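The values are calculated or read from the model by the stated rules, or taken from the named source; none is laboratory data. Keep in mind that this is a model prediction, so the values were computed, not measured. As a convention, Cβ positions derive from the backbone with ideal geometry for all residues, glycine included, and neighbour counts pool all protein chains shown. Keep in mind that these areas ignore ligands, DNA and RNA; they rest on the heavy atoms of the full protein, side chains included. Shrake-Rupley method; radii C 1.70, N 1.55, O 1.52, S 1.80 Å.
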Amino acid sequence: MKQIIRMTYESDIQKDVLAVDVINQDNVCDLMVYNDDFNTFDHVISTLIKVCKHDARQADQCTYLIHYKGKCSVKKGMYEDLKPMREGIADAGIKAAIV
């Protein structure tokens, strides 16, 4: 009696990964930071570095987007992971929300 062995190919793995990504995207939230007339660029940059673990370049780019566009998604993730970051940003006097 012959035994059939199923070989896994790269395309099968890629399909599985894409399916998992689609399922997990339903639970992904954005940590949105909003512009104001009070906080300086340096304060927002240092807060993003400290709270969100951005590197200096990423924090700088997000800060410019916040300033010129009025808001920026500074982090994506699960609500539970973003909540302490939102609180840290809010504690620094910067308006943020999880959307």
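Quick look at the numbers
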item: The range 68-85 residues that are over 13 Å from Y34 (Cα atoms), paired with ones that are surrounded by 13 or more Cβ atoms within 10 Å (Cβ to Cβ) and of a type in the set (K, R) (beta carbon under 9 Å, 6 or more apart); result: D81/K75; L82/K75; M85/K75
item: Some residue of the range 47-60 being open to solvent by less than 80 Å² (accessible area, probe 1.4 Å), out of contact with any Ser or Thr (no Cβ under 7 Å at 6 or more places or on another chain), among the hydroxyl-bearing types (S, T, Y) and not in a helix (DSSP H, G or I); result: no
item: Counted residues, the range 52-62 - those being under 12 Å from the mean Cα position of the chain (by Cα) and hydrophobic (A, V, I, L, M, F, W, C); result: 2
item: Count of residues meeting criterion [surrounded by fewer than 14 Cβ atoms within 10 Å (Cβ to Cβ) and farther than 24 Å from D26 by Cα] in the range 68-89; result: 3
